[in-house]
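**Q** What follows is a structure written as structure tokens; I'll ask about it next.
The values are calculated or read from the model by the stated rules, or taken from the named source; none is laboratory data. These numbers were taken from a predicted model, which means no experiment stands behind them. We place every Cβ from the backbone using ideal geometry, glycine too, and count neighbours over all the protein chains shown.
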Amino acid sequence: MAADPAGVAMHVDGMSCVYIDGRWEERADAQRLPVVDPATGATIGAVAAGTAGDVDLAVTAARRAFDAFSQTPVAERLALLTRMLDLLETRAETFAQALSIEMGAPIAFARASQVPFAIAHVRAAIEVLERYAFTREEAGYAVVKEPIGVCALITPWNWPLYQITAKVAPAIAAGCTVVLKPSELSPLSALLFAQLMHDAGTPAGVFNLVNGTGEVVGAGLSAHPQVDMISITGSTRAGVLVAQAGAVTVKRVVQELGGKSPNVFLDDADFATAVAKGVQSGMRNTGQSCSAPTRMLVPAHRLAEVEALAKAAAEAFVLGDPRDEATTMGPIANAAQHGRVLAMIAAGEADGARMICGGASPPAGLEHGFFVRPTIFSGVTPDMRIAREEIFGPVLCIMPYADEEEAIRIANDTPYGLGGHVQSGDRERARRVARRIRTGQVLINYPAWTAHAPFGGYKTSGNGREYGVHGFEEYLETKAILGY
């Protein structure tokens, strides 16, 4: 595959950092933010960093466009979403190539998951909008749902396009106008998406994009008095800062933050297949998923069996150039996160966890990129750092338990509460355990993913929900009209 297919490098010239009010604007004198290929560590371009002034221009454009767009008929918004969907499907390969370049997603994974799941969010928004009742009559009054206003959307580097569509699509469906702040570490797919929104005929000011840092653009959007809502996907630390800044103007803040998800294996699970699937789930996207089940809880008397199965599954990954069709695990997406993962592997060793495969030494032949070998620790206890802190890399913790009650206690013994898994041959037993796990989403026996199931966290994993009708309603206000 070409390293830079047509279209991927568009606007990555240090100049076009903003798309405001229906047009690209040049910022030739702005600070340059490097775009780094994580497979090599080489700088492949730069985008200009947006300023507080750019934030104000974008929010002003969105505010000006809101009155008209919020009143558009549902049919018009459906038509816009359908054009977005068609263009995403047409340009799927270009987006896949961009994701592989900017954050190291193996090209096969980008084609099979990163892009199709992003497309699914647009399709889900269409399906929700087609059947949603914005006015519901009750006894003597009506409940009316109306778009909340100007929405600031802050998206991360690990699932760049997927998180953009998970926010932009329902916001557009609801009749909101938006300002998107993508991660400065993976800006290529966002730039391509902004051009897609332009080509889809989005009215001027309805969609705006400002690249830049969290300290400037993210903070500016969070504190801006004309922003009505913020939706952020990122670290818990970033979510706290955004909420604090938004509190001054009493904004709605929807936060999808960190996780340390448990994968509870009950003693009647199909270990022969479920352990391998657990390793794959925990390490997909090089372990860079907030809901990745990175704590595998297993009966103590099955520990040796699980270790052998898990090691075999981890060693089956093919590390390499993400543009290679055979690669199944690419690099960590950026240098800072690479250092974080290596530090956490060292912490696991220092705390006395048993490493059964992987480690901090670079894979042979891949010393120049941000690569980490799939790493599994066993005998991990709840007090260890690797059991409590989000690692965000291909590192799995196997934690033994004595009985079902202890398994549930360990599963919930975390400041996070985003995702969870339960493996069991008895569906009713699995459901009973799932109800006791304090997370926003629980998956039983690796079911198929759907863009309609609500997703979000308990505790420090955030608040609010994304996906499907539950995510759509985050972008709506509720009005009661009495005497209707």
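Every residue, every condition in (1) under 21 Å from Tyr401 (Cβ atoms); (2) assigned by TED's automatic domain parsing to the domain that holds Ala96; (3) among the hydrophobic types (A, V, I, L, M, F, W, C), yes or no:
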residue	(1), (2), (3)
Gly234	no, yes, no
Leu241	no, yes, yes
Val248	no, yes, yes
Lys251	no, yes, no
Asp267	yes, no, no
Phe271	yes, no, yes
Ala276	yes, no, yes
Met283	no, no, yes
Thr286	no, no, no
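**Q** Also, quick follow-up: Any chance you could count how many residues in the stretch 272-313 are under 28 Å from Gly457 (Cα atoms) and of a type in the set (A, V, I, L, M, F, W, C)?
**A** Qualifying residue count for the region: 11.
**Q** Just name the residue that is surrounded by the most Cβ atoms within 10 Å (Cβ to Cβ) out of those in the stretch 63-106 that are under 30 Å from Thr40 (Cβ atoms) and without any contact (Cβ under 8 Å) to a residue 40 or more places away in the chain.
**A** Restricting to residues being under 30 Å from Thr40 (Cβ atoms) and without any contact (Cβ under 8 Å) to a residue 40 or more places away in the chain, the top hit is Ala96.
**Q** Only one of Thr273, Thr233 is at negative phi, without any contact (Cβ under 8 Å) to a residue 40 or more places away in the chain and not charged (D, E, K, R); which?
**A** Thr273
**Q** To continue, here is another question. Answer with yes or no whether Ile356 is closer than 30 Å to Ala430 by Cβ and not in a loop (DSSP other than H, G, I, E, B).
**A** Working: closer than 30 Å to Ala430 by Cβ: yes; not in a loop (DSSP other than H, G, I, E, B): yes.
So Ile356 passes the test.
**Q** Name the single residue that is surrounded by the fewest Cβ atoms within 10 Å (Cβ to Cβ) among those in the stretch 327-353 being without any contact (Cβ under 8 Å) to a residue 60 or more places away in the chain and not in a helix (DSSP H, G or I).
**A** Once the filter is applied, the top-ranked residue is Gly352.
**Q** Next question, about the same structure. Of the conditions (1) surrounded by fewer than 23 Cβ atoms within 10 Å (Cβ to Cβ); (2) without any contact (Cβ under 8 Å) to a residue 40 or more places away in the chain, Phe377 satisfies every one except a single condition; which number is it?
**A** (1)
**Q** Also, I was wondering about something else. Is it the case that the stretch 464-476 has a residue that's of a type in the set (Val, Ile, Thr), surrounded by fewer than 22 Cβ atoms within 10 Å (Cβ to Cβ) and out of contact with any strand residue (DSSP E or B) (no Cβ under 9 Å at 6 or more places or on another chain)?
**A** Step one: of the stretch 464-476, the residues of a type in the set (Val, Ile, Thr) are 469.
If we keep only those that are surrounded by fewer than 22 Cβ atoms within 10 Å (Cβ to Cβ) as well, we get 469.
From the residues that got through so far, the ones that are out of contact with any strand residue (DSSP E or B) (no Cβ under 9 Å at 6 or more places or on another chain) too are 469.
Yes, because at least one residue in the stretch 464-476 is of a type in the set (Val, Ile, Thr), surrounded by fewer than 22 Cβ atoms within 10 Å (Cβ to Cβ) and out of contact with any strand residue (DSSP E or B) (no Cβ under 9 Å at 6 or more places or on another chain).
**Q** Find all pairs meeting these conditions: Cβ atoms under 6 angstrom apart; at least six residues apart or on different chains; first residue within the stretch 119-141 and at pLDDT 95 or above; second residue hydroxyl-bearing (Ser, Thr, Tyr) and not in a helix (DSSP H, G or I).
**A** Tyr141/Tyr484
**Q** Among the residues of the stretch 283-329, which ones are of a type outside the set (D, E, K, R) and within 14 Å of Gly358 (Cβ to Cβ)?
**A** Just the residues of the stretch 283-329 that are of a type outside the set (D, E, K, R), to begin with: 283, 285-294, 296-301, 303-304, 306, 308-310, 312-314, 316-320, 322, 326-329.
Answer for the stretch 283-329, where residues must be of a type outside the set (D, E, K, R) and within 14 Å of Gly358 (Cβ to Cβ): Met283, Thr286, Gly287, Thr294, Ala310, Ala312, Ala313, Ala314, Ala316, Phe317, Leu319, Met329.
**Q** Being in a helix (DSSP H, G or I) and either among the aliphatic types (A, V, I, L, M) or closer than 15 Å to Cys176 by Cβ (or both) is the filter here, so list the residues in the stretch 70-90 that pass it.
**A** From the stretch 70-90, those in a helix (DSSP H, G or I) are 74-90; that's our starting set.
Those that are in a helix (DSSP H, G or I) and either among the aliphatic types (A, V, I, L, M) or closer than 15 Å to Cys176 by Cβ (or both): Val74, Ala75, Glu76, Arg77, Leu78, Ala79, Leu80, Leu81, Met84, Leu85, Leu87, Leu88.
**Q** Further question on the same structure: Looking at Val254, Val240 in this structure, which one is in contact with a strand residue (DSSP E or B) (Cβ under 9 Å, 6 or more places away or on another chain), under 30 Å from Ala223 (Cβ atoms) and without any contact (Cβ under 8 Å) to a residue 24 or more places away in the chain? Before the answer, list the steps.
**A** Details: Val254 fails: without any contact (Cβ under 8 Å) to a residue 24 or more places away in the chain.
Going through Val254, Val240 in turn, just one is in contact with a strand residue (DSSP E or B) (Cβ under 9 Å, 6 or more places away or on another chain), under 30 Å from Ala223 (Cβ atoms) and without any contact (Cβ under 8 Å) to a residue 24 or more places away in the chain: Val240.
**Q** Please find, among Gly201, Gly205, the residue that is over 26 Å from Gly420 (Cα atoms), out of contact with any Leu (no Cβ under 8 Å at 6 or more places or on another chain) and modelled with pLDDT of 95 or more.
**A** Numbers: Gly201 fails: out of contact with any Leu (no Cβ under 8 Å at 6 or more places or on another chain).
Answer to the selection: Gly205.
**Q** Let me ask something else about it. Which ones in the stretch 171-206 are charged (D, E, K, R) and surrounded by fewer than 24 Cβ atoms within 10 Å (Cβ to Cβ)?
**A** Taking the stretch 171-206 and keeping what is charged (D, E, K, R), we get 181, 184, 199.
Residues satisfying the conditions are Glu184, Asp199.
**Q** Further question on the same structure: Specify which of the listed residues (Thr236, Thr249) is surrounded by fewer than 24 Cβ atoms within 10 Å (Cβ to Cβ) and under 22 Å from the mean Cα position of the chain (by Cα).
**A** Values: Thr249 fails: under 22 Å from the mean Cα position of the chain (by Cα).
Testing whether each residue is surrounded by fewer than 24 Cβ atoms within 10 Å (Cβ to Cβ) and under 22 Å from the mean Cα position of the chain (by Cα) leaves just Thr236.
**Q** Then there's this: Please count how many residues of the stretch 113-151 are among the small types (Gly, Ala, Ser) and surrounded by 16 or more Cβ atoms within 10 Å (Cβ to Cβ). I'd like the intermediate steps shown before the answer.
**A** Filtering the stretch 113-151 for residues among the small types (Gly, Ala, Ser) gives 113, 118, 120, 124-125, 133, 139-140, 142, 149.
Checking which are surrounded by 16 or more Cβ atoms within 10 Å (Cβ to Cβ) leaves us with 113, 118, 120, 124-125, 149.
Number of matching residues: 6.
**Q** Which of the residues belonging to the stretch 207-226 are buried (at least 24 other Cβ atoms within 10 Å of the Cβ) and part of a loop (DSSP other than H, G, I, E, B)?
**A** Here is the first cut: in the stretch 207-226, the residues buried (at least 24 other Cβ atoms within 10 Å of the Cβ) are 207-212, 217-218, 220-222, 224.
Of everything in the stretch 207-226, those that are buried (at least 24 other Cβ atoms within 10 Å of the Cβ) and part of a loop (DSSP other than H, G, I, E, B) turn out to be Asn211, Gly212, His224.
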